[in-house]
Amino acid sequence: MKKKSPVPDNRPKEPYDETLEVRKPGGLSLSEKPDPDLEAESVPVTAEADAPPEEMTADTISETTGDGVTTPANLTEESEEADLTGESGEPEVLDEPVDIAVEMKHTDAVLPEGDGVIVESDTEPPFIFSADEPVLFYGSDELVFEKDAHDGDPDLHGLPAVRISSDSSVFEPHVRKLSWLKPRHIVLPLIAVAVVLLVIFVIYIGPKNERAASPLMIRGIAISNPEFSFTYHFVLLENGIDIWSKEGRDFLTSRPENGFSTYRDFFLDMTAKEMQTTAILYDDAIAHGFSVDASHTARAQDYLDWLSERALAMTVNTDTYIKGMFGSLVTKELILEVLSRKYFTEDYAYGAKLDELRATEDQAEEAYLSAPNQYDEISYRLLRIVFEQKEDSFIATAHLHAREIIEKIGRDQSKFEWVASEYFSGDAKEKLMKPDSTLISNVRYNDVGDPEWRVWLFDPIRKPGDCIVYEDDDGFPILICFSSRQRQLEPLRNVRIFKVFREDPESGFPGIPEVDLVTTANIILHSVTDEASFQALEKTHAEDIAAGNMTSTHAIDIHRGKLDPELDSWIFNPARKPGDKTTITTADGIAILFYVESSNDPEWYDRINSFIRINNFDEFLLEQQVLYPYKFNDEGLKNI
């Protein structure tokens, strides 16, 4: 017998989706041996040649058993018992129909054992299987017919070799399950949804995203539209620009003389630089362990409260007022966040950061020696000797008296007033009898108006008791005697001053009407509880400041003689302590003063340190600006 060639196992491994056309030989038993229980005489099934193929299900490809349940004729009890029956042994009817296209009717019959099998059918020629044994099973690699044995048989054309497992005697083809869901049922709705979303994006989301486009990048990080919009308008308000007036709008479109196309471009760049500096200082402060605290948030909240008052005065809610003032995307939460960060970085810059960059003792001494006139102050005595008569004889007499006074004091300046009083009478004599009545103290280089006097007084060779005589315009003598020179030792004072001006209708000078001046000043004074609340006055009265009715000043370098005498008297009172406040009436209004502190260092060092640490601070910012570059986005600026 010719050896059979193995063929690949072409059984479907997964559910097979194509409808199978099966040519089934009639009367072939697919079990290994005839089952005694199934050896009853089979009932032949005659197929009519002209009859159309029947649609067969798992119920129809069968023979009827005694209990009325259909079972495939060639199914052995062992092979299918576990699959088609339950635990009770009753056959199980399949729920799903099996759609099988059958090309012809056939007859199922039990085959006798033998070397060959001839299957006869009413509709097709004999189909001969040649095998060593009439046993077919899945485990075998042998063909059920000899290779090339029936190449000429048209009935075998295209029929693959089939191997059948011994434990599954019925070939049940896998078919596609029927389903109402078609691909078009999914695709068409998805297309419709996509179109709707596209329309929504174009109409609503697109313009909103365009409005929200970032106008500025700092260090590659996009600054949001609302943050930049708020900061820009905040900068404009700080610089006294009313952005809602025609004059303000015209000003922003005018051309400055600083290289920018318009003042709008100038202030946009100013805003970018301010935000760049804030970013640099914020990151540096965080890196050094500092953080925003309640005081910064409270100051920001004060500004929000002021905005709420303005909104109430205009009978609109705060959110509407904010959007109208700073931009449609600006919110209260954003203002609170931005201002808290701004105040935090300002405190850090003028506090801890400058302390970090302060001058060393060697740096301070070197700076002092390079320009002592800038850090020294002198004292000298001055006496004018004049007569009502302007004749030359009177002028000569006056010069003679001046030379005699110089000779009599003999460089002992303590005798100056007593010796000089001998040449005067009346009120002038009485005034000269008071010690140091001619002494002028704490004079700075720039305080001396006459250049010739200034050069003589601040000459490094000058010693106490040195005297010189100058002439006035009429030729009368002016006697000057040098008293002392020293470094600026008195500590500088840190004071905040809020000035309320008195309105002058005749000159057109802006301010508060006289009838309301005192009341307004007292209300402001009583609203101040600490430095933060005093700082908040700038925001609370921003419009009056912009109109010129009020001013706010923070002076950290107040020395004697810098302010009006009435202010100096209160500030340099030895009893003064931090937190003190008062009102002082001046010629042009009322000043509200808040005493912050006195420096711990002498003035000369503070001035040098201020110069050096500011230079160090500027160098620090320049270095960091390279790492924090900023770049405008024109598309984003269109919405500012």
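Think of the range 376-487 as a dipole: +1 on every Lys or Arg Cβ, -1 on every Asp or Glu Cβ, centred on the Cα centre; then among Ser379, Ala420, Val469, Ser379 lies furthest on the positive end. Listed values for the range 613-624 are Karplus-derived 3J(HN,Hα) couplings in whole Hz (6.51 cos²θ - 1.76 cosθ + 1.60, θ = phi - 60°), namely 5, 5, 4, 5, 5, 4, 5, 4, 5, 4, 5, 6, and x replaces Gly and Pro.
Across the cross-link table entries Lys342/Lys539; Lys390/Lys415; Lys332/Lys499; Lys342/Lys577; Lys434/Lys463, which are compared at the Cα atoms, the separations over 26 Å belong to Lys390/Lys415; Lys332/Lys499; Lys342/Lys577. The charge dipole of the range 376-487, taken about the Cα centre with unit charges on the Cβ atoms of Lys, Arg (+1) and Asp, Glu (-1), comes to about 580 debye, rounded to the nearest 20. The slack between Glu635 and Arg576, meaning 0.36 nm per residue of separation minus the straight C-alpha distance, is 15.7 nm.
If every alpha-carbon in the range 400-480 counts as one equal scatterer, what log10 I(q)/I(0) does Debye give at q = 0.14 1/Å? The Debye formula, applied to the Cα set alone, gives -0.53. Here r is the Cβ-Cβ distance between Glu257 and Ser370 and R0 is 41 Å; the resulting FRET efficiency, rounded to 0.05, is 0.70. Extension gain for Ser484 to Ser393 (0.36 nm times residue separation, less C-alpha to C-alpha distance): 29.3 nm. Both the radius of gyration and Dmax for the range 208-360 are 17.0, 57 Å, in that order, over alpha-carbon atoms. For the range 254-270, 3J(HN,Hα) computed residue by residue from phi via the Karplus equation (6.51, -1.76, 1.60; θ = phi - 60°) reads 6, 9, x, 10, 10, x, 8, 5, 9, 5, 4, 4, 4, 6, 4, 5, 4 Hz, glycine and proline entered as x. A simple count of charges around Asp376, restricted to other residues whose Cβ falls under 9 Å of its Cβ and scoring Lys, Arg +1 and Asp, Glu -1, yields +2. In plain terms, the chain from Leu354 to Asp459 could stretch by 34.4 nm, reckoned as 0.36 nm per residue minus the Cα-Cα distance. Taking a sphere under 13 Å around the Cβ of Val386 and counting the other residues whose Cβ falls inside, with K and R at +1 and D and E at -1, yields a net charge of -4.
Based on the Kirkwood radius over alpha-carbon pairs, what is the Stokes-Einstein translational diffusion coefficient of the range 455-500 at 4 °C with 1.567 mPa s viscosity, in µm²/s? Answer from the Stokes-Einstein relation: 92 µm²/s. Once you reduce the range 392-448 and the range 482-545 to the center of their Cα atoms, the two points are 40 Å from each other.
Of the Cα atoms belonging to the range 493-598, the radius of gyration and Dmax stand at 13.6, 41 Å. The modelled label-to-label distance for the pair Val626/Ser414, using points 7 Å beyond Cα in the direction of Cβ, is 6.2 nm.
Just so you know, all these numbers are worked out from the coordinates, no wet-lab data involved. Every value quoted in this text rests on a predicted model; they were computed, and no experiment measured them. No Cβ is skipped: glycine too gets one built from the backbone with ideal geometry, and neighbour counts run over all protein chains shown.
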